[in-house]
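Right, one structure below, let's go through it.
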Ligand SMILES: NC(=O)c1ccc[n+]([C@@H]2O[C@H](COP(=O)([O-])OP(=O)(O)OC[C@H]3O[C@@H](n4cnc5c(N)ncnc54)[C@H](OP(=O)(O)O)[C@@H]3O)[C@@H](O)[C@H]2O)c1
């Protein structure tokens with residue numbers, strides 16, 4: 001399909017960039033909605049250098065900022081363009097075992113805020129434009145990029161670290177409720193539940209909405225939170241040399257092809273409210289299919305964002321974790337508060353390696369600068385995560 005105006009979020013790298021490039025080649029007018037102007041313009045110039053006739057525009061959009069999302073939607077509206085497609089592709093995660101919460105500009109938990117609340121708001125603000133294009137006879141589609149990790153059954157050993165989504169604690173205010181994997185799993189589950197609920201609400205409008213798991217693609221920004229060695233392993237060994245042998249890692253091109261099929265392919269024309277597992281329709285988790293939960297999630301998401309027509313929900317103050325007095329004899333050998341010097345079990349270390357995280361073994365092999373235990377920096381609510389910060393244990397983008 002050609003000649004449509006499509007917005008792709010997070011289009012400066014990985015699956016989003018590759019898909020935007022193909023969609024331009026297909027003769028569409030593609031808007032690269034990226035948070036960083038430099039990276040966004042670099043992507044635009046790369047597309048233009050390969051395809052000088054490409055109809056491509058950069059527009060600044062930070063999904064971790066309500067103000068930025070509103071500004072983006074306003075600017076799109078003033079462009080006077082019709083909108084035929086929205087790809088909610090941008091995504092982040094923290095290191096899976098990281099239990100330190102980070103926050104968006106508005107004080108939402110960062111992973112849920114960026115991966116679910118941001119696209120929820122953006123989609124709502126653009127719905128009239130999408131419906132209008134459908135009324136005018138356009139083929140109008142929304143694609144939400146999810147992940148197989150929404151489903152604990154696909155996680156093997158990591159599954160023991162995740163619970164069902166607690167919609168009443170979407171911001172992980174309950175003490176001990178947060179870790180990077182839980183938030184990523186929940187945010188991708190929320191994307192699928194949002195897809196199902198939105199599809200029902202869009203019935204009869206001509207606008208379709210589907211969710212996509214693009215597959216495990218180690219060559220994207222997936223590994224930003226790992227050591228250089230692990231990044232190299234994931235990108236060039238697992239995602240490169242070993243990929244044709246071990247087969248399960250997929251290429252960025254594969255992810256982009258799956259995305260392009262959903263937003264522009266003829267075979268899925270008119271299909272709505274489905275979860276696609278790479279190239280074909282698949283089964284999302286039982287948890288994702290609970291209609292009551294989908295409806296409640298809708299209400300809570302709109303409430304937290306204080307959107308018009310929703311009962312507003314105030315952000316809560318996080319619960320303080322209970323202070324436990326250690327037994328006298330263990331006290332002396334106990335690690336400092338952040339537990340960084342605790343001995344790792346062999347199993348934990350193996351799991352960390354499997355998930356691309358830095359293990360104690362890796363840490364021990366690094367030259368020691370000083371022997372004092374280091375405290376982890378804790379961000380407080382309302383303090384924005386710096387989107388440009390790429391240091392380890394900070395924000396990373398992942399499957
Ligand atoms: N790779 C996989 O194995 C895999 C598997 C399943 C699902 N996914 C999903 O696929 C999508 C694309 O990820 P990818 O693998 O292609 O990783 P990627 O290369 O890191 O792309 C992620 C994109 O999201 C952007 N982004 C992050 N935070 C943002 C924000 N606050 N506002 C706007 N844009 C933001 C990033 O921008 P910056 O460059 O500025 O950081 C980047 O362009 C994500 O939703 C991810 O969850 C990936």
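The values are calculated or read from the model by the stated rules, or taken from the named source; none is laboratory data. Worth saying up front: this structure is predicted, and the values here are computed from it rather than measured. FYI the Cβ positions are ideal-geometry reconstructions off the backbone, even for glycines, and counts take in every protein chain you see.
Among residues belonging to region 308-322 that are surrounded by 10 or more Cβ atoms within 10 Å (Cβ to Cβ) and closer than 11 Å to residue 171 by Cα, point out the one that is modelled with the highest pLDDT. Looking at the filtered set, the residue picked out is 315.
Of the residues that make up region 172-182, is at least one within 16 Å of the ligand (Cβ to nearest atom), surrounded by fewer than 23 Cβ atoms within 10 Å (Cβ to Cβ) and either under 29 Å from residue 60 (Cβ atoms) or under 14 Å from the mean Cα position of the chain (by Cα) (or both)? Scanning region 172-182 turns up at least one residue that is within 16 Å of the ligand (Cβ to nearest atom), surrounded by fewer than 23 Cβ atoms within 10 Å (Cβ to Cβ) and either under 29 Å from residue 60 (Cβ atoms) or under 14 Å from the mean Cα position of the chain (by Cα) (or both). Can you tell me which of 235, 160 is surrounded by fewer than 20 Cβ atoms within 10 Å (Cβ to Cβ), at pLDDT below 95, within 12 Å of the ligand (Cβ to nearest atom) and assigned to a helix (DSSP H, G or I)? None of the other options fit; the residue is 235. As for region 85-92, it holds at least one residue that is in contact (Cβ under 8 Å) with a residue 60 or more places away in the chain and either more than 12 Å from the ligand (Cβ to nearest atom) or at positive phi (or both).
Please go through region 116-148 and pick out each residue that is touching a strand residue (DSSP E or B) at 6+ places or on another chain (Cβ under 8 Å) and part of a helix (DSSP H, G or I).
From region 116-148, those touching a strand residue (DSSP E or B) at 6+ places or on another chain (Cβ under 8 Å) are 119, 122-123, 126-127, 130-131, 133-134, 140-148; that's our starting set.
Residues satisfying the conditions are 119, 122, 123, 126, 127, 130, 131, 133, 134, 148.
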